[in-house]
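Worksheet for the structure shown next.
The values are calculated or read from the model by the stated rules, or taken from the named source; none is laboratory data. From a predicted model like this one, the values you see are computed outputs, not experimental measurements. Every residue, glycine among them, receives a Cβ derived from its backbone with ideal geometry; neighbour counts consider all protein chains shown. Please note that ligands, DNA and RNA were not included when accessible areas were found on the heavy atoms of the full protein model with its side chains. Shrake-Rupley method; radii C 1.70, N 1.55, O 1.52, S 1.80 Å.
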Amino acid sequence: MSRVRADEEEYWHSSKFRAFTFDDEDDELSQLKESKRAVNSLRDIVDDDDDDLERVSWSGEPVGSISWSIKETASGSTSSLDGRDTSPQKGSSSYAALPKQASSYSLSSLFKGRNKLPSFQSLSDALTDTGVKNYAPELRRPKAEYKDYSSDWSPKDTVRRMQRGKVCSLERFRSLQDKLVLLDEAVAGHDGNVITAVLIFLKRTLRREILFRELEVRQVALCHLIHFLRETGEQKFLLDLLRFLDRTEEVALSQYREHLNIQDVEKRREFLKGCIGLPFSAEDTSHIQDHYTLLERQIIIEANDRHLEMAGQSELFRKYPRKASILNMPLVTTLFYSCFYHYTEAEGMFSSPTNLKKTFKIPDKQYVLTALAARAKLRAWGDVDALLTTKNWLGYTKKKAPIGFHRVVEILQRNNAPVQVLQEYVRLVEDVETRLNLATKYKCHDVVIETYRDLKDRIQLTAYKCKVERGSAEEEKINSILSN
């Protein structure tokens, strides 16, 4: 017990502080020196293995952070300047540790466009170097910019800002009522881009049934969405929308458009065959049927002609090789191909032009125009004459052109028809002025002379005499008419 009491007395009468004396060396300066010596000795111990520890600067910020790396450039240049003088300084023996070599890689040097410091900076350069502020990244946006994202804009203000090209977040419109008001404001603004942007937002955030029901009473927005879905190729979403709206014909047409994405010919033929039973209108159903029939004919013609071309049995294919396949070509192109390679075939053949005309009910005007272009390209003038010759019920023949003889002349001249052939059809042009213009343009002298003779226009005939060669048959013909 006495021992315990003695310890208590010693505790209450003891003190960590000693009285002040002038000779006392444990003052504040000596404490500071000892603490710095401890830090320097600790740094010497830890330097060899500092990769495993978090290095902290005197400012208390971790080394490698953005703020530390910006300050590191200025402080590093100063320390490198001190490192040049290796002699101990007066009154600073406690700081005699050799300085470490400044790191040649720092974030601040990257900001200033330097990969490696070529030399140490001088003290004046370090103090006057303001490039760090210019090249350092902006770590925080100005408060004014946050107004575009965080302010509580109304639907009307949001639409106006979108029309001006401002960035606006639509995610804050969470309720159905707010979204519909936003859509109505976009439609009222008459800006297609804003309407489409709002529709994309609604399409992403609303269920399909709700979106379809609301768009049913908003026809402008509905048209925008349908056009957008067709442009982006979202076929399934579009079909669901059209079925909800009970637009059966548009559903059928949208499904029919899918044949454009089918490359294989046989698969496309089967797809078109299945499209015939879709709920099209009467007119559209006939078009789908014709499309299927045409593709079926093209497959047959292509297979036969490829065999003839490879076998070399046809002189026409050897003289005029095919430039492309006939598959998936339009009806007019198929007719031209048939008139070019299969003009003389019987009507019972699938490749016969008359068979195509009868099957697809091609009008006479279209048929004559296409056949004339094909036969004139082959310079088959006999076929051209037979094409334009008709017989009446008494057996008399005459020339007839559903497209007009002026167009016949233009087609023949485009295919380098001889003057004798051109003159024959220029004479058949009924309008006198058009006939004279064509005859003068294509140098059909006989037609010009005969027309002026029929008009009894002596002045024009005399003037035209200067345009023909001297001593030619045309000049003699003009002189004979003028002297009679």
### Query
Excluding ligands and nucleic acids, what accessible area in Å² is computed for Met162 using a 1.4 Å probe, to the nearest 10?
40 Å²
### Task
Determine the gain in length on full extension of the stretch Ser169-Ala386; use 0.36 nm per residue of separation and subtract their C-alpha separation, reporting nm with one decimal.
70.8 nm
## Note on the structure
Taking a crude spin-label model, label points 7 Å out from Cα along the C-beta direction, the Glu258 to Lys236 distance in nm is 1.1 nm
### Query
If you roll a 1.4 Å probe over the range 444-483 with all protein chains in place, what percent of the accessible area is carbon or sulfur?
46 percent
### Query
What is the dipole size for the range 262-362, taken about its Cα centre, with +1 at each Lys and Arg Cβ and -1 at each Asp and Glu Cβ, in debye to the nearest 20?
220 debye
### Query
What ranking of Arg174, Arg207, Arg470 comes out by heavy-atom accessible area, probe 1.4 Å, highest first?
Arg470, Arg174, Arg207
### Query
Could you state the per residue volume, in Å³, of the convex hull enclosing the Cα atoms of the range 444-483?
57 Å³
### Task
With only Lys, Arg, Asp and Glu charged, each at its Cβ (+1 for the first two, -1 for the last two), find how big the charge dipole of the range 147-214 is about the Cα centre; round to the nearest 20 debye.
180 debye
### Message
With every protein chain kept in place and ligands, DNA and RNA left out, what is the accessible area per residue of the range 439-484? Probe 1.4 Å, answer in Å².
### Response
69 Å²
### Cα lying deepest toward the dipole's positive end in the range 444-483, options Tyr452, Ile478, Thr462, charges on Cβ
Thr462
### Task
Using every pair of alpha-carbon atoms in the range 155-246, split the distances into 10 Å bins beginning at 0 and state the percent of pairs per bin, rounded to integers.
16, 53, 28, 3
### Message
Taking the square root of 5 times each eigenvalue of the Cα gyration tensor, what semi-axes in Å does the equivalent ellipsoid of the range 262-362 have, largest first?
### Response
27, 16, 10
### Message
In the range 298-446, if the dipole is taken from +1 on Lys/Arg beta carbons and -1 on Asp/Glu beta carbons about the Cα centre, which of Leu331, Ile411, Val384 is farthest to the positive end?
### Response
Ile411
### Message
As a quick test, which of the pairs Lys236/Lys267; Lys319/Lys358; Lys267/Lys377; Lys400/Lys477; Lys398/Lys441 have an alpha carbon distance above 24 angstrom in this structure?
### Response
Lys319/Lys358; Lys267/Lys377; Lys400/Lys477; Lys398/Lys441
### Message
So, taking all protein chains as they sit and a 1.4 Å probe, how much accessible area belongs to Ile459, in Å² rounded to tens?
### Response
130 Å²
### Query
How long is the gain from Val217 to Asp157 if the chain were fully straight, where each residue apart is worth 0.36 nm and the alpha carbon distance is subtracted?
19.2 nm
